[in-house]
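> Questions regarding the structure given below will be posed in turn.
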Amino acid sequence: MMRGRKPIRFLHYDYRLTAWYFVTFNTRHRRPHFAHVINGKLRLTPAGEIAARCWDEIPKHCPGAQLDAFAIMPDHVHGLVRNGAGQSLKARIIEQGHGTSLTAIIGSYKSAVSRELHLLYPRLGIVWQRGFHERIVRGPLMMRRTRAYIQRNPTKWVEQGRR
């Protein structure tokens, strides 16, 4: 681990376990690559459209991944993702040689978005801040609240006068 960096994951939790996770990841330096406020609404940029399409394609590239609510914001992405849906960890390890971890899913997504953005904007530089934030969704009430938070987030952004 790098000196001065705090671990942001539970030390003894196996992120290959099937669970719903609320994830958030930011652009580097919180640059607003993905959306802008236009006429009082959050509108995706071409980069935001790429980020949205890549999110929808996660299950194609990560076996067993399942998606729920997500929001592409100007400088970050929120989403609900489940790994290993419909399979036990033991079955996934036997079938794939490993269990798809949350870190692998998010890393794959961020790489896909970066790759496509660099084709469109070759001088863009680093797209993402390192790592991501996650919260394990524990139960249906937390799922409903998290889904509502994600769905409200674009409106809150505009109401707060952010650009």
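The values are calculated or read from the model by the stated rules, or taken from the named source; none is laboratory data. The model shown is predicted, which means the values in this text are computed figures rather than measured ones. Backbone-built Cβ (ideal geometry, glycine too); neighbour counts: all protein chains shown. When the accessible area is computed, the model is the full protein with side chains, heavy atoms only, and any ligands, DNA or RNA have been set aside. Shrake-Rupley method; radii C 1.70, N 1.55, O 1.52, S 1.80 Å.
> Only one of these conditions is not met by residue 51: (1) in a helix (DSSP H, G or I); (2) free of Cβ contacts under 8 Å to residues at least 24 places away in the same chain. Which number is it?
Result: residue 51 fails condition (2) only.
> Taking the condition part of a helix (DSSP H, G or I), over 22 Å from residue 106 (Cβ atoms) and either out of contact with any helix residue (DSSP H, G or I) (no Cβ under 6 Å at 6 or more places or on another chain) or of a type in the set (Ser, Thr, Tyr) (or both), does residue 162 pass?
Considered against the rule, which asks whether it is part of a helix (DSSP H, G or I), over 22 Å from residue 106 (Cβ atoms) and either out of contact with any helix residue (DSSP H, G or I) (no Cβ under 6 Å at 6 or more places or on another chain) or of a type in the set (Ser, Thr, Tyr) (or both), residue 162 comes out as no.
> Just a yes or no: is a residue in region 112-126 open to solvent by less than 50 Å² (accessible area, probe 1.4 Å) and at pLDDT below 95?
Yes; the residues of region 112-126 include at least one that is open to solvent by less than 50 Å² (accessible area, probe 1.4 Å) and at pLDDT below 95.
> Take the residues in region 127-138 that are open to solvent by 60 Å² or more (accessible area, probe 1.4 Å) and in contact (Cβ under 8 Å) with a residue 40 or more places away in the chain; name whichever of them is nearest to residue 51 (Cα to Cα).
Filtering region 127-138 for residues that are open to solvent by 60 Å² or more (accessible area, probe 1.4 Å) and in contact (Cβ under 8 Å) with a residue 40 or more places away in the chain, the one nearest to residue 51 (Cα to Cα) comes out as 129.
> Output the number of the condition that residue 82 fails; it satisfies all remaining conditions of (1) in contact with a Phe, Trp or Tyr (Cβ under 9 Å, 6 or more places away or on another chain); (2) open to solvent by 20 Å² or more (accessible area, probe 1.4 Å); (3) modelled with pLDDT of 95 or more.
Condition not satisfied by residue 82: (3).
> Residue pairs, Cβ under 9 Å, 6 or more apart or interchain, first in region 27-40 and closer than 20 Å to residue 106 by Cα, second open to solvent by 60 Å² or more (accessible area, probe 1.4 Å) and assigned to a helix (DSSP H, G or I). List them.
From residues that are closer than 20 Å to residue 106 by Cα, the pairs are 34/49.
> Considering each of 63, 32, 74, 7 in turn, give the residue that is assigned to a loop (DSSP other than H, G, I, E, B), farther than 30 Å from residue 159 by Cβ and at pLDDT 70 or above.
Only one candidate passes the filter, namely 63.
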